[in-house]
Amino acid sequence: MLDEANRWAVFGRLMPGIAHNINNSLAVIFGHIQLYKFKHPGFKEMDIIQEQAHQIKNIIGYLSGKACGEASTQKSSINICKLLENELNLLTADPFYKHEVKKTIDLPKDTPCINGYYRDISFALLSIINFSLDSMMEADRKEFVLSVSSDDDYITINVSDTGKPLSGQQNEAPDLASVDYQSARIGKYIVNLAKTRDIIARYHGEMSLISNNPSGKKIQICFPKQHDQ
């Protein structure tokens with residue numbers, strides 16, 4: 001059986017052709033929409049159809065970007081905010097995230113890039129995001145905050161939620177690296193924060209539990225802006 005990386009590699013090679021075929025069909029649809037609007041300017045429902053067609057085009061773009069990134073075997077310059085924006089747009093396929101969670105997202109477009117593998121960074125950040133979302137499934141308040149900032153030395157990602165706190169062993173502080181489970185929210189997805197920690201450390205970064213209490217928690221990831229790899 002193909003492992004996940006190989007499956008993404010196969011899909012990544014196919015995705016440009018799939019996207020091309022779908023976009024060709026969308027181009028025909030857009031052309032007929034414009035023609036119909038020209039002939040029937042009072043038919044406002046056509047604007048709704050056009051908006052949905054644009055949404056399909058955007059989804060194909062998000063999926064194509066992820067597939068190509070995950071399939072890449074080369075390091076590249078990765079804009080973390082652009083990666084997160086793409087992944088969060090795809091995450092709207094999850095009804096819980098889309099409809100039940102109040103989201104506050106701050107992704108500055110001028111955030112510096114880091115050199116690395118897309119699949120590493122996406123796995124690490126999505127594991128933390130999914131852990132945060134899973135912890136809110138039974139919470140009365142479901143509020144999720146994701147922000148990215150940078151200074152002279154670090155790119156910092158903060159993930160906060162109003163979900164249940166992380167429990168530690170008796171007489172021990174909670175350890176993020178102990179989190180390892182299969183998400184009930186998104187099927188067979190494995191949330192393994194020990195692997196996440198190891199990936200972040202590979203880029204000379206750190207993962208920290210900044211706050212952890214009954215009202216929620218905050219996880220912080222820091223990547224140095226300049227590092228040797």
**Study point:** Options Lys44, Lys57, Lys75: the member that is of a type in the set (Lys, Arg) and over 24 Å from Leu126 (Cβ atoms)
**Key:** Lys44
Check your understanding: Listed residues Ser25, Ser64, Ser77, Ser72; which is of a type in the set (Gly, Ala, Ser) and in contact with a Lys or Arg (Cβ under 8 Å, 6 or more places away or on another chain)?
Key -> Ser72
Exercise for review: Scan the range 1-44 residue by residue and report those that are among the β-branched types (Val, Ile, Thr) and at pLDDT 80 or above.
Suggested key: Ile22, Val28, Ile29, Ile33
Point to revise | Residues (in contact with a Gly (Cβ under 9 Å, 6 or more places away or on another chain) and either at pLDDT 90 or above or farther than 20 Å from Ala19 by Cα (or both)) located in the range 64-76 | key: Lys75, Ser76
Point to revise | Residue in the range 71-79 that is part of a helix (DSSP H, G or I), among the hydrophobic types (A, V, I, L, M, F, W, C) and out of contact with any His (no Cβ under 6 Å at 6 or more places or on another chain) present | key: yes
Practice item. Of the conditions (1) under 20 Å from Asp106 (Cβ atoms); (2) under 19 Å from the mean Cα position of the chain (by Cα); (3) without any contact (Cβ under 8 Å) to a residue 12 or more places away in the chain, Asp161 clears all except one; give me its number. Key: (3)
Exercise for review: Scan the range 107-130 and give yes if some residue there is among the acidic types (Asp, Glu), assigned by TED's automatic domain parsing to the domain that holds Thr156 and at pLDDT 95 or above, otherwise no.
Suggested key: no
Study note, to complete from the structure: Scanning the range 98-116 residue by residue, those surrounded by 15 or more Cβ atoms within 10 Å (Cβ to Cβ) and free of Cβ contacts under 8 Å to residues at least 40 places away in the same chain turn out to be Cys113
Exercise for review: Would you mind stating whether Ala93 is touching a helix residue (DSSP H, G or I) at 6+ places or on another chain (Cβ under 6 Å), at pLDDT below 95 and of a type in the set (A, V, I, L, M, F, W, C)?
Suggested key: no
Point to revise | Test: Leu88 is surrounded by 15 or more Cβ atoms within 10 Å (Cβ to Cβ) and modelled with pLDDT of 90 or more | key: yes
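The values are calculated or read from the model by the stated rules, or taken from the named source; none is laboratory data. If you're wondering where the values come from, they're calculated on a predicted model, not measured in any experiment. Reconstructed Cβ throughout: ideal geometry from the backbone, glycine too, with neighbour counts over all protein chains shown.
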